[in-house]
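The next block holds one structure in the form of structure tokens; read it before the comments.
The values are calculated or read from the model by the stated rules, or taken from the named source; none is laboratory data. Remember, it's a predicted structure, so these values are computed and weren't measured experimentally. Cβ placement follows ideal geometry from the backbone for every residue including glycine, while neighbour counts extend to all protein chains displayed. Note: areas computed on protein heavy atoms with side chains; ligands, DNA, RNA excluded. Shrake-Rupley method; radii C 1.70, N 1.55, O 1.52, S 1.80 Å.
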Amino acid sequence: MSRLLIGLRIWWIAVVFIVIVLLVVFSANYLGLRPTVAGPDVEGIDLPPGFVIDVYADDLGSTLLSFGGPSPGPRMMMIKDGLLFVSIPNKGLVAVLPDRNGDDVADEVQVFISDLDYPHGIDHYDGWFYIAEESRVIRVRDDDNDLVADEGSLEVIIDNLPTGGHYTRTVKVHDGELYLSLGSSCNVCYESNELRAAISKSHLDGSNLTVFAEGLRNSVGLAFHPVTGELYATENGRDWLGDDLPPDEINLITEDGDYGWPDCYGKNIYDTEFNTGEYAGNPCNDTGMIPSFVDLQAHSAPLGLTFYDGDSFPEEYHGDLFVCFHGSWNRQEPTGYKVVSIDMDTREVSDFATGWLGAATISGRPVDVIVADDGSLFVSDDNAGKIYRIYYTG
């Protein structure tokens, strides 16, 4: 073989190698593709002094390659009569994780209901279990308390929800009303269906479904303040405005409020990349858009949130808002992959549980957080397929 052909072959091998490296770097930084390093313990998770994290449940659905959006494992949680329920959308089921011997580890994974269409949000009220699937909201009963949904009890209370795009649905019951959150169908656009990029409200039987608040691109987490009853929601901002824009948000939701998406974000900042029309003044303020309650680091992907109303944490955490950051995909330097606490008086955001994000890998992606009956926190992780328990020892 001539030296020229050998040189060309070496050159092509070098080009292919460089292209592969660039694709790997691009995929890791801009598509959120990172290998998952999962182990049986949580030694790498950092917490404030006095706090401990253990694995409460494992093997709930994991992935070897982390990517943007929902992963295969456990997502939204609720507690009823001391029992932890969790949705596992990719398996089409809601599971119960009982701890009968009181050792703070789930004894088994029992299927409460299965064969559902990507079940996500769950709640319980007055004997009914409410479950939000991608295309509908259902409710079931368990009157015999065998931790299996009663046969024949399933009722479809809201049907024909728009599908695709942001496909997770979150449901909460408060003061005898049902609240339902649907994300947008796109990154940034004007929606044709009013239920999208909005939080809606209905009667408990699904009737009188109306938009409660709009302009919310993707509010996955909903939480009612245990004292004031006010509704707070996380908000995932749009992509492709750079590493630090727009901020993700915590919003204080008011009835008939418009939170600005797709034209506005954060503290009523006008999105001139999307809406290129000429304007005078600030159209976000002029049209009565509601600014964010707290701005968060862009692309953190805040999902579940809860107010700490337990009594086992130090006083400084009482009343704080805990929020799970699922982690970035549309950012050159990854961010998120942690749990933060927010002081509701100062609105200061502080890291609480970190360490799932490594230099080139991840070990987990927090999704939802709730307060257990003993004052500890449960945190779900849909990437590692685990549910963690965080408690204070002092």
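So which residues in the range 141-154 are of a type in the set (D, E, K, R), free of Cβ contacts under 8 Å to residues at least 24 places away in the same chain and farther than 13 Å from Ser114 by Cα, if there are any at all? Those that are of a type in the set (D, E, K, R), free of Cβ contacts under 8 Å to residues at least 24 places away in the same chain and farther than 13 Å from Ser114 by Cα: Arg141, Asp143, Asp144, Asp146.
The numbered conditions (1) of a type in the set (Ser, Thr, Tyr); (2) under 25 Å from Val37 (Cα atoms); (3) assigned to a loop (DSSP other than H, G, I, E, B) are all true for Tyr391 except (3). Can you confirm whether the range 216-227 contains a residue that is of a type in the set (Phe, Trp, Tyr) and closer than 23 Å to Thr163 by Cβ? The answer is no; no qualifying residue exists.
For the range 252-301, a residue qualifies if it is free of Cβ contacts under 8 Å to residues at least 60 places away in the same chain, in contact with a strand residue (DSSP E or B) (Cβ under 9 Å, 6 or more places away or on another chain) and at positive phi, and the qualifying residues are Asp256, Gly260, Gly266, Gly288. Given the criteria under 15 Å from Val86 (Cα atoms), open to solvent by less than 50 Å² (accessible area, probe 1.4 Å), assigned to a loop (DSSP other than H, G, I, E, B) and in contact (Cβ under 8 Å) with a residue 12 or more places away in the chain, does Tyr130 qualify? No. Does the range 310-323 contain at least one residue that is assigned to a helix (DSSP H, G or I), in contact (Cβ under 8 Å) with a residue 12 or more places away in the chain and either open to solvent by 30 Å² or more (accessible area, probe 1.4 Å) or not aliphatic (A, V, I, L, M) (or both)? Looking through the range 310-323, at least one residue is assigned to a helix (DSSP H, G or I), in contact (Cβ under 8 Å) with a residue 12 or more places away in the chain and either open to solvent by 30 Å² or more (accessible area, probe 1.4 Å) or not aliphatic (A, V, I, L, M) (or both). Restricting the range 133-168 to residues that are outside any loop (DSSP other than H, G, I, E, B) and charged (D, E, K, R), the residue that is surrounded by the fewest Cβ atoms within 10 Å (Cβ to Cβ) is Glu155.
Here the range 332-361 is the region considered, the condition is being touching a residue at least 24 places away in the same chain (Cβ under 8 Å), open to solvent by 50 Å² or more (accessible area, probe 1.4 Å) and not charged (D, E, K, R), and the residue that is nearest to Tyr388 (Cα to Cα) is Leu357. Six or more apart or on different chains, Cβ under 7 Å: which pairs go from a residue in the range 75-87 that's touching a residue at least 40 places away in the same chain (Cβ under 8 Å) to one that's of a type in the set (S, T, N, Q) and assigned to a strand (DSSP E or B)? Could you list them? Final answer for the pair search is Arg75/Ser87; Arg75/Ser380; Met76/Ser87; Met76/Thr170; Met77/Ser380; Val86/Ser380. Among the candidates Val109, Val94, the residue that is of a type in the set (A, V, I, L, M) and open to solvent by 30 Å² or more (accessible area, probe 1.4 Å) is uniquely Val109. Residues of the range 228-269 that are crowded, with 20+ Cβ neighbours inside 10 Å, aromatic (Phe, Trp, Tyr) and out of contact with any Gly (no Cβ under 6 Å at 6 or more places or on another chain): Tyr232 alone. For the range 37-91, the strands (runs of 3 or more DSSP E) that sit wholly inside it and include 2 or more residues that are more than 29 Å from Tyr125 (Cβ to Cβ) and modelled with pLDDT of 95 or more are 51-57. Ser328 satisfies every condition listed in (1) open to solvent by 30 Å² or more (accessible area, probe 1.4 Å); (2) closer than 24 Å to Gly215 by Cβ; (3) in contact (Cβ under 8 Å) with a residue 40 or more places away in the chain except (1). Within the span defined as the range 184-202, one or more residues are β-branched (Val, Ile, Thr), crowded, with 16+ Cβ neighbours inside 10 Å and under 16 Å from Glu133 (Cα atoms).
A residue that is over 17 Å from Gly358 (Cβ atoms), open to solvent by 40 Å² or more (accessible area, probe 1.4 Å) and in contact with a Ser or Thr (Cβ under 9 Å, 6 or more places away or on another chain) cannot be found anywhere in the range 56-64.
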